[in-house]
Amino acid sequence: MDGDDARRESAILDALFTQAPFGLYLCDAELRVVRFNSAAPGVHGIPPERILGRTVAELVEGRTDEPVAALAEEALRTGAVVRDRLFTGRSPAHPDRDMTVSLSLFRLEEADGEPLGLAVVVENVTEREAALGRLALLNSARESIGTSLDAYRTAGELVDVLVPGLADAAAVDLLDDALRGRPLRPGAVPADTPLRRAAFRSVLGDERGPPKGGLNTFGPHTPYSQVLNDLAPRLITGVDAGDAWLGADPSRGDPIVSAGVHSLVVVPLALRETVLGVAALYRFSRPEPFEDTDLALAAELMAKAAVHLDNACSFARERTVARALQQGLMPGRPPELTAVDTACVYLPESAGGDWYDVIPLSGARVALVVGDVAGHGIEAAATMGQLRTALRTLALQDLEPGELLGRLDETAGFLTRTRAPVGQDDETTHDHLATCVCVVYDPVSRACTAARAGHPLPVMLGPDGSALDFGVPDGPPLGAGGGGYASATTVLEESTLLALYTNGLVNTGGRDGPTPQERLHRILARPEECLARLCDSAVYELVPRLPREDAVLLLARTRALPADRVTSWTLPRDASVVSTARRLIEHQLQAWDMPDAVSTTELIVSELLSNAIRYGRGPIRLRVILDRSLICEVSDTSSTSPHMRHATETDEGGRGLFIIMQLSDRWGTRTTGDGKTIWSEQVIRHGPAR
């Protein structure tokens, strides 16, 4: 090689070590640095004498826990090439911050293969790895946040992503109104707005600040209140115990100072300029403060989380509306009746479609109903209201339970075909609309008739608490199609206990031991206990701690109407019996000490009998019942129901039913097994009837 070639190679080598955009280190056989370029990552501005002559082990000592020296020794000994190995540590030029480098090693050899030393190529990939880390964090957020429609769980998933991926600690506080499903207004939120701690996570594992679910507010003139005011995120670095805003909110400021927080990021959780809450990120364990890139990443994460939180809050809002609708459609306090003593418990845990009803019927009878609409939310509550109204209307027509459920099934089928979704919280497809059980009890005959549509069998216990068998045939659920409903009838002793319930009361998740129905029997087998306490006991022992379904329990203890309060006569179908009936009514009302009701009742009975004589068939039966009202009934063997006419001034007849309507508080007709019964009811006010 002549002198020009040597100079050219030397110039090329010098250019390589002065112009290369990455770090080059040449080490001898003892791994001492003999040459390096000043552009090498982490050594810019460092005097060459601090690098030259130092071994690889000396240069990395105390700066990283990675086995760099061992890797270099291995490469020198074996000649194996190391390519693009990532290491993180502190550099001589910047000992206060981490740097990630890509390291490549290969052995330098003489012509005969004897090792001369080691070449080390170092590239600073800190920004690249940080960008990849941000992408990984965003991907983790996409996969793990929003797995449910529970706001607390969603907030917990958010802080799990933030810690330790971006922060040493993170807290999420959500507006109390948002969690309760109340409507929110866009724009600024006052600093004293109540919030609830939804989630907190720390690398230290401790809980600081308000407890989960605890109410709190932000102090005025703090980064938190400013974020609520203008919906702009805040980056605070160089936190000092003397900062004024820490003293303005000691409940947050004191933990920040005690933990040694040096920087924090506060970001609003907002969607379409509507604030849902605030997220705060803290750093105290890692020395690097938050930077603008961290602020941008946090804002992007909060924007994604806000969508899921808004879905959760919308779900809560729908549940709130559904519960309000459901409770508004439910009956109030059950009426006081002679036929039964009742008590009920209704737990609207899932805003579903469970319902109950106690319906007074003609002849002192009562209908007991419990139903369960499939699904949850507004749609289930609205459907429940439609079915309950339809059932009550059908029950007041005095249909027997099997026929009533058949008619109700037709209504359910129509609703299934025509209803449109009104909520988004229940997307499950159901093969039926609802289940239902209907029981009608007559305190005069003590006859109990029941039918059910896919609903659990009622529980029946005798006066001594023993279980009674009441085999009510099960029909298809309402709206499923498939046929009619058979009724079952039995005669009950007085003080028999009936229990109607929904599945939410007895679905206990497969506990060992007695079945829920057996446990319900045991709970209710206390005839001396009042019904309200039995309801409470059933709730305490059967309903799980975190129920997922609505639950209804309706208890009814039967009574028998005393024989001296019911009187009946069988009369021939002849016009002359009207005067006889008047005398019988007068005598009976005098016996009941109700002289003021005689004239009105005589007129009602006269019109009822006249109608039966003119339009009915066979012998006529007149029955009078003294209950909480005075009931007059006329039965015949004709199945033709009467219809009210609106007579004109010149008509000689057609006013009988109109007169009955005017004199009665309630009146109507019901079919019987051998004909029909027309009845009139007068409410007893202050003793005598009107």
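Rule-based calculations on the coordinates, nothing more; no lab input. Predicted model only: the values in this text are computed from it and were never measured. Glycine gets a Cβ as well: all are built from the backbone with ideal geometry, and neighbour counts include every protein chain shown.
Numbers for the structure displayed
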| item | result |
| --- | --- |
| Extension reserve of the Ser314-Asp5 stretch, reckoned as 0.36 nm per residue once the Cα distance is removed | 103.4 nm |
| C-alpha center-to-center spacing [segment 157-202, segment 326-382] in angstrom | 38 Å |
| Estimated dipole of segment 332-558 in Debye, rounded to 20 [Cβ of Lys and Arg +1, of Asp and Glu -1, Cα centre] | 160 debye |
| Relative packing of peptides 83-89, 148-154 - highest average C-beta neighbours within 10 Å first | 148-154, 83-89 |
| Inter-label distance, nm, simple model (7 Å from Cα along the C-beta direction), Thr126/His587 | 11.3 nm |
| Where the Cα pairs of segment 332-558 fall when distances are cut into 10 Å bins, in % | 8, 35, 37, 18, 2 |
| In nm, spacing of pseudo-spin labels at Thr490 and Asp192 (7 Å Cα→C-beta vector) | 6.3 nm |
| For the chain, convex hull volume per residue from C-alpha positions, Å³ | 266 Å³ |
| C-alpha center-to-center spacing [segment 564-632, segment 458-531] in angstrom | 39 Å |
| Under 5 Å, built H, 5+ apart or other chain: amide partners of Leu118 | Cys27, Asp28, Leu108 |
| Evaluated over segment 328-422, the Cα radius of gyration and Dmax, each in Å | 13.9, 42 |
| Theoretical gain in end-to-end length, Leu16 to Asp176 [0.36 nm per residue, Cα-Cα removed] | 51.2 nm |
| Gain in span if fully extended, Asp469 to His94, counting 0.36 nm per residue against the direct Cα distance | 126.5 nm |
| Amide H partners (placed H, <5 Å) of Arg628, local residues excluded | Thr338 |
| Alpha carbon Rg of segment 190-336, scaled by the compact-globule rule 2.2 N^0.38 Å | 1.29 |
| For segment 288-299, 3J(HN,Hα) per residue [Karplus equation, 6.51 cos²θ - 1.76 cosθ + 1.60, θ = phi - 60°, Hz, x = Gly/Pro] | 5, x, 4, 10, 4, 5, 5, 4, 5, 5, 4, 5 |
| Mean shadow area of segment 563-683, taken as a quarter of the surface of its Cα convex hull (nm²) | 7.5 nm² |
| Selection from Leu546, Val440, Ala525 lying farthest towards where the dipole of the chain points positive, charges on Cβ | Val440 |
| Ranked packing of 448-460, 182-194, 57-69, most packed first, by mean Cβ within 10 Å | 448-460, 57-69, 182-194 |
| Whether segment 139-273 is rounded, prolate or oblate, judged on the alpha carbon gyration tensor where a/c under 1.5 counts as rounded | oblate |
| Order of Ser466, Ser314 - criterion: other Cβ atoms within 10 Å of each residue's Cβ, fewest first | Ser466, Ser314 |
| Helix-only mean residue ellipticity at 222 nm for the chain, each DSSP H run of n ≥ 4 adding -39500 (n - 2.57), per residue, nearest 500 | -10500 deg cm²/dmol |
| Amide H contacts under 5 Å for Glu349, placed H, 5+ residues apart | Asp550, Ala551 |
| Shape of segment 1-127, Cα gyration tensor, a/c cut at 1.5 | oblate |
| Cα Rg over Rh - segment 440-559, Kirkwood | 0.98 |
| Per-residue ³J(HN,Hα) for segment 117-131, Karplus 6.51 cos²θ - 1.76 cosθ + 1.60, θ = phi - 60°, Hz, x for Gly and Pro | x, 9, 9, 10, 10, 10, 10, 7, 10, 4, 5, 4, 5, 5, 5 |
| Cα-centred dipole magnitude for the chain, charges only on beta-carbon of K, R (+1) and D, E (-1), debye, nearest 20 | 2980 debye |
| Rounded to whole Hz, the Karplus (6.51, -1.76, 1.60) HN-Hα couplings of segment 236-247, x for glycine and proline | 10, 10, x, 4, 10, 4, x, 4, 4, 5, 5, x |
| Centroid-to-centroid separation of segment 212-273 and segment 108-151 [C-alpha atoms, Å] | 33 Å |
| Cβ-Cβ FRET estimate between Thr515 and Glu61, R0 fixed at 56 Å, reported to 0.05 | 0.20 |
| Relative packing of 618-627, 276-285, which averages over residues the other C-beta atoms within 10 Å, highest first | 276-285, 618-627 |
